[in-house]
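Asker: Here's a structure for you.
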Amino acid sequence: MSEPYLKIYNGQIITPYRIISPGTVLIKGDTIAEIKQGDIEVPGAVEIDAGGKYIAPGFIDLHVHGGGGHDFMDGNEAAFLHIAETHSRYGTTAMMPTTLTSEKEGLLHTLKLYELAKESNKKGAQFLGMHLEGPYFAMNQRGAQDPRYIRDPDPLEYKEILSKTNSISRWSAAPELKGGLAFGQYLKSKGILAALAHTDAIYEEALEAFENGYTLATHLYSAMSGVTRRNAFRYAGVIESAFLIDEMDVEIIADGIHLPSPLLKLVYKIKGADKIALITDAMRAAGMPPGESVLGNIDTGLKVIVEDGVAKLPDRSSFAGSVATADRLVRTMIQLADVSLIDAIRMITSTPARIMGVGDKKGSLLAGKDADIVIFDRDINIEMTIIKGSIIYKRAAGL
Ligand SMILES: [Zn+2]
């Protein structure tokens, strides 16, 4: 006997081009079978009445460290599964687990756990490959990354890591370091996205980096150079480079705190919805109540405080990570950056899918694509999350 169809009707369906209202999404197995204005008569289908709410592609988070009290660097497989489950309640259907700067052994161990967790992850957001954030960073732009582990790109080290795994999809580094361009070229040759991060590069270096594989700017504005002066002469930094190089993609922590309203508006005005990915960059306290928490590994990480919707160093001198969830990013862009719902959704669905090269299967509601779907109300409260055709989350007292 073949599986019944899953039919979601009476919703406002957000496609890349318009909102179909009322519309019906028909799912067969793990794939979208049909999208249609009005209703589709399907005898025997399992039916969900969307109650006039929005039906969008599942959210894709390209940069996330943790949530629900866990961090990907905790050193156990359960952490991966808990984080994936936590973020799925906020609409994320696919994510890139992200590391912090660490010793080689710590990275290799985390990669091994990733491979185990990818197999057993049935109740949370899917894993799109690992994102290594560091350790090849400019010391000057380390932010909350542990300085003990920061170093220049080491070909022996990164070639060894890459020879042991196929699970790395993205690697963030500072391209101006000694060996930084060769590193970018090597990543590109392996089909891995290189991203400019924690970097002090000036425009000339950023452009060269772009030509050598660094096509994405990691958390734009955070831990990167802007305009600097050297002996009275001004130099453009990575921020200006990301604006000036049209083809460069950028990601932003759109929690409304890391970047205030005018900067969100500025990035959107210059780069547009097709070049911006919204990311949470969330640490373990995402989806948890405020109070004390730890950035990085639960035993060896840094003590931080979560208040005002963000993690801070204990002396409150600096942010120490975001506690955002994907729904909040969409809400923030609409409320603080005056972005339309369609564009806000685009920046967390089709744009990140295209950046990571999975746009043929994910990121938009079209027949033939993966049935990764999220249903939410006008305030972006998540009602239901569907991953590859399975209902993973349903809000209590919801639909
Ligand atoms: Zn990060």
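The values are calculated or read from the model by the stated rules, or taken from the named source; none is laboratory data. In this text the structure is predicted, and so the values were computed from the model without any measurement. Cβ sites come from the backbone with ideal geometry, for glycine too, and all protein chains shown count toward neighbours. Heads up: the accessible areas ignore ligands, DNA and RNA and are worked out on the full protein's heavy atoms, side chains in. Shrake-Rupley method; radii C 1.70, N 1.55, O 1.52, S 1.80 Å.
Asker: Residue separation times 0.36 nm, minus the C-alpha to C-alpha distance between N231 and K361: what's the value?
Answerer: In short, 41.7 nm is gained.
Asker: Sticking with this one: Between E211 and L266, how many nm apart are label points set 7 Å from Cα along the C-beta direction?
Answerer: 2.8
Asker: Please name which of G23, A173, Y54 has its Cα lying farthest along the dipole of the chain towards the positive end, using unit charges on Cβ (Lys, Arg +1; Asp, Glu -1) and the Cα centre as origin.
Answerer: G23
Asker: Still on this structure, I have one more. Return one whole number: the accessible area per residue of the range 1-76 in Å², for a 1.4 Å probe.
Answerer: That works out to 41 Å² per residue.
Asker: Let me ask something additional. Going through the cross-link list K104/K303; K53/K265; K7/K36; K112/K388; K112/K188; K53/K123, which pairs have a Cα-Cα distance over 18 Å in this structure?
Answerer: Pairs exceeding the cut-off: K104/K303; K53/K265; K112/K388; K112/K188; K53/K123.
Asker: Right, another one. Check cross-link reach from K28 to the aspartates and glutamates: straight Cα distance under 13 Å, and skip same-chain residues fewer than eight apart.
Answerer: List returned: E3, E47, D370, D372.
Asker: Nearest 5 percent is fine: what portion of the DSSP beta bridges confined to the chain is antiparallel?
Answerer: 55
Asker: With only Lys, Arg, Asp and Glu charged, each at its Cβ (+1 for the first two, -1 for the last two), find how big the charge dipole of the chain is about the Cα centre; round to the nearest 20 debye.
Answerer: Using only the charged Cβ atoms, the result is roughly 280 debye.
Asker: Report, to the nearest whole %, how much of the accessible area of the chain belongs to carbon and sulfur atoms, 1.4 Å probe, protein only.
Answerer: Looking at the chain in its full context, I get 51 percent from C and S.
Asker: Compute the distance in nm between two label points, each set 7 Å from the Cα along the Cα-to-Cβ direction, one at A182 and one at D299.
Answerer: Taking the two extended label points, one gets 3.6 nm.
Asker: If R₀ is 25 angstrom, what is the calculated FRET efficiency for the pair L162 and E247, using the beta carbon separation as r and rounding to 0.05?
Answerer: 0.50
Asker: Oh, and also: Where nothing but the Cβ of Lys and Arg (+1) and of Asp and Glu (-1) is charged, how large is the charge dipole of the range 69-179 around its Cα centre, in debye to the nearest 20?
Answerer: Computed charge dipole of the range 69-179: roughly 240 debye.
Asker: Rounding to the nearest 20 debye, state how big the charge dipole of the range 206-294 is about its Cα centre with +1 on each Lys and Arg Cβ and -1 on each Asp and Glu Cβ.
Answerer: 400
Asker: Rounded to the nearest 500, what is the 222 nm mean residue ellipticity of the chain from helices alone, with -39500 (n - 2.57) per DSSP H run of 4+ residues and division by all residues?
Answerer: Rounded to the nearest 500, it is -7500 deg cm²/dmol.
Asker: Another question about this same structure. Please give the net charge around P4, taking every other residue with its beta carbon less than 12 angstrom from that of P4, where Lys and Arg add +1 and Asp and Glu add -1.
Answerer: Neighbour charge sum, excluding P4 itself: 0.
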